[in-house]
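Engineer: So that we are looking at the same thing, I have put the structure below in structure tokens.
The values are calculated or read from the model by the stated rules, or taken from the named source; none is laboratory data. This is a predicted model, so every value here is computed, not measured. Backbone-built Cβ (ideal geometry, glycine too); neighbour counts: all protein chains shown. Only protein heavy atoms, including side chains, enter the accessible area calculation; ligands, DNA and RNA are left aside. Shrake-Rupley method; radii C 1.70, N 1.55, O 1.52, S 1.80 Å.
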Amino acid sequence: MFGYVIPDEDVISKRDFAMFQSAYCGLCMSTKKSCGNIARLTTNYDSTVLGLLLLEATKPEVEFDTVRCIGDFRRKPCIKDFGLWQTLVDVNVLLCRYKMGDDIVDGGAKHRIMRRVLAKPYARARERLAFVDKIISDGYARLREVETAGVASVDRAADCFAVLLRDLAVGVAKNNSDKKEAYYNADNPDDLSREGFGEVCYNIGKFVYIADALDDLEEDSKAGRYNPFLAVWDDFGKGGRAAYIAAHAEELKFMFASVRNRAVAGLNKMRLTHVGDLLRNIIDNGLSRKTEMLFGSKKKLPRPTFRYGKRKDADA
């Protein structure tokens, strides 16, 4: 999807790095198994984080293996393919195809070929997860209405994607809960944990939307496209992105901090047993680090490449 939700390499432990890599590589290999090699290009960090949250929400049995990648022939740890990860592959394909379609509507042609490549995997994913496809379709339709109307509210625009991600995650968790300790098992009365899971997913969705909007300020301004920040503060000038952010720094910092704090509050309600330390790194430290990067970059952020001990997504 976007690549805005990743761990903070500066404070991550080797154990948590290995787990994040295992989840990411597992998603990639499961995508290969289900959709073929080309579809592996859709593997992304944000869907990996969604998978980690689903591990905590559903408490499945997870097995590990090691694999070699075409881009790196060293053996890497990997979550073995299993039911939840196959569901995650379908969710990721659905999300990516709708995002590509949205970009094309906005005038971007670079995703047309990849969107055609995903036509068959998308059809299979839609058949298996019709309810997820409807959630995403409805969410993007609602977002398109907001954008077409030029709504001058960052919260209203971001709420569309935030609700989409929350409802999607909750629906998948319900369908994949097979243990009594899973939050969405009918025998589990732990409402606070369920509430926390939905709260985290909602605010991650909101963070992704506002981060992407802030990242796209300059190109949206040049193209005359809707951007919630430009709709609220219509003073993007010759100073460019850096001057615009500086002019509205107080409001922007409060907005991003509020979303991150609500995500942390939701995480604190969850009963974390599988990947708690890693999720705390991602939600607490990772979102803060990404916010700093968004505020400091003078141009659109490069594609992040997460590496243990080496920061590869620093400001250009």
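Engineer: Identify the residue in region 227-256 that is buried (at least 19 other Cβ atoms within 10 Å of the Cβ) and not in a helix (DSSP H, G or I) and, among all such residues, is farthest from the chain's Cα centre (by Cα).
Structural biologist: Restricting to residues being buried (at least 19 other Cβ atoms within 10 Å of the Cβ) and not in a helix (DSSP H, G or I), the top hit is Phe236.
Engineer: Let me ask you something else. Look at region 95-122 and say how many of its residues are aliphatic (A, V, I, L, M), over 17 Å from Asn37 (Cα atoms) and modelled with pLDDT of 80 or more.
Structural biologist: Residues of region 95-122 that are aliphatic (A, V, I, L, M), as a first pass: 95, 100, 104-105, 109, 113-114, 117-119.
Remaining after also requiring over 17 Å from Asn37 (Cα atoms): 95, 100, 104-105, 109.
Narrowing the set further to residues that are modelled with pLDDT of 80 or more leaves 95, 100.
The qualifying residues number 2.
Engineer: For region 19-77: of the residues being more than 20 Å from the chain's Cα centre (by Cα) and among the polar types (S, T, N, Q), which is modelled with the lowest pLDDT?
Structural biologist: Asn37
Engineer: Out of curiosity, is Val91 open to solvent by less than 30 Å² (accessible area, probe 1.4 Å) and more than 23 Å from Gly286 (Cβ to Cβ)? Outline the logic, then answer.
Structural biologist: Values: open to solvent by less than 30 Å² (accessible area, probe 1.4 Å): yes; more than 23 Å from Gly286 (Cβ to Cβ): no.
No; evaluated as a whole, the condition is false for this residue.
Engineer: List, please: which pairs have Cβ atoms under 8 Å, are six or more places apart or on different chains, and start with a residue in region 132-144 that is at negative phi and among the aliphatic types (A, V, I, L, M) and end with one that is assigned to a helix (DSSP H, G or I) and surrounded by fewer than 19 Cβ atoms within 10 Å (Cβ to Cβ)?
Structural biologist: Filtered contacts from region 132-144: Val132/Gly171; Ile135/Gly171; Leu143/Asp102.
Engineer: Name the residues in region 25-54 that are surrounded by 20 or more Cβ atoms within 10 Å (Cβ to Cβ), hydroxyl-bearing (Ser, Thr, Tyr) and touching a residue at least 60 places away in the same chain (Cβ under 8 Å), would you?
Structural biologist: Thr31, Thr42, Tyr45
Engineer: Out of curiosity, is Leu88 farther than 16 Å from Ala39 by Cβ and not acidic (Asp, Glu)?
Structural biologist: Working: farther than 16 Å from Ala39 by Cβ: no; not acidic (Asp, Glu): yes.
No; evaluated as a whole, the condition is false for this residue.
Engineer: Of the residues that sit in region 127-160 and are of a type in the set (Lys, Arg) and modelled with pLDDT of 95 or more, which one is most open to solvent (accessible area, probe 1.4 Å)?
Structural biologist: To start, the set of residues in region 127-160 that are of a type in the set (Lys, Arg) comprises 128, 134, 142, 144, 156.
Cutting the leftovers down to modelled with pLDDT of 95 or more gives us 134, 142, 156.
Values: Lys134: 123, Arg142: 95, Arg156: 141 Å².
Ranking the qualifying residues of region 127-160, first place goes to Arg156.
Engineer: Could you please let me know if Gly196 is modelled with pLDDT under 95, in a helix (DSSP H, G or I) and either open to solvent by less than 50 Å² (accessible area, probe 1.4 Å) or over 19 Å from Gly296 (Cα atoms) (or both)?
Structural biologist: Yes: the conditions hold for Gly196.
Engineer: Which residues, taken from region 221-234, are without any contact (Cβ under 8 Å) to a residue 40 or more places away in the chain, in contact with a helix residue (DSSP H, G or I) (Cβ under 7 Å, 6 or more places away or on another chain) and farther than 30 Å from Gly51 by Cβ?
Structural biologist: Filtering region 221-234 for residues without any contact (Cβ under 8 Å) to a residue 40 or more places away in the chain gives 221-222, 224, 227, 230, 233-234.
From what is left, the residues that are in contact with a helix residue (DSSP H, G or I) (Cβ under 7 Å, 6 or more places away or on another chain) are 221, 227, 230.
Selection gives Ser221, Leu230.
Engineer: While we're on this one: Residue under question is Lys206, and the condition is that it be free of Cβ contacts under 8 Å to residues at least 12 places away in the same chain and closer than 26 Å to Arg126 by Cβ; does it hold? Break it down into steps so the answer makes sense when it comes.
Structural biologist: On the way: free of Cβ contacts under 8 Å to residues at least 12 places away in the same chain: no; closer than 26 Å to Arg126 by Cβ: yes.
In short, no.
Engineer: Across region 64-99, what is the number of residues that are outside any loop (DSSP other than H, G, I, E, B) and in contact (Cβ under 8 Å) with a residue 24 or more places away in the chain?
Structural biologist: The number of residues fulfilling the criteria is 24.
Engineer: Right, here's the next one. Testing Val200 on (1) hydrophobic (A, V, I, L, M, F, W, C); (2) touching a Lys or Arg at 6+ places or on another chain (Cβ under 8 Å); (3) within 30 Å of Thr273 (Cα to Cα), one condition comes back false. Which one is that?
Structural biologist: (2)
Engineer: While we're here: Quick check on Arg116: is it farther than 27 Å from Ala223 by Cα and open to solvent by 50 Å² or more (accessible area, probe 1.4 Å)? Step through it out loud before you land on a result.
Structural biologist: Numbers: farther than 27 Å from Ala223 by Cα: no; open to solvent by 50 Å² or more (accessible area, probe 1.4 Å): yes.
So Arg116 fails the test.
Engineer: Here is a follow-up. Mind listing whichever residues of region 257-306 are farther than 25 Å from Ala18 by Cβ, open to solvent by 60 Å² or more (accessible area, probe 1.4 Å) and modelled with pLDDT of 95 or more?
Structural biologist: Correct list: Asn261, Arg262.
Engineer: Now for a separate question. What do you reckon, is Ala211 hydrophobic (A, V, I, L, M, F, W, C), assigned to a helix (DSSP H, G or I) and without any contact (Cβ under 8 Å) to a residue 60 or more places away in the chain?
Structural biologist: Working: hydrophobic (A, V, I, L, M, F, W, C): yes; assigned to a helix (DSSP H, G or I): yes; without any contact (Cβ under 8 Å) to a residue 60 or more places away in the chain: no.
No; evaluated as a whole, the condition is false for this residue.
Engineer: Glu127 passes all but one of (1) closer than 23 Å to Leu267 by Cα; (2) in a helix (DSSP H, G or I); which number fails?
Structural biologist: Unmet for Glu127, out of (1) closer than 23 Å to Leu267 by Cα; (2) in a helix (DSSP H, G or I): (1).
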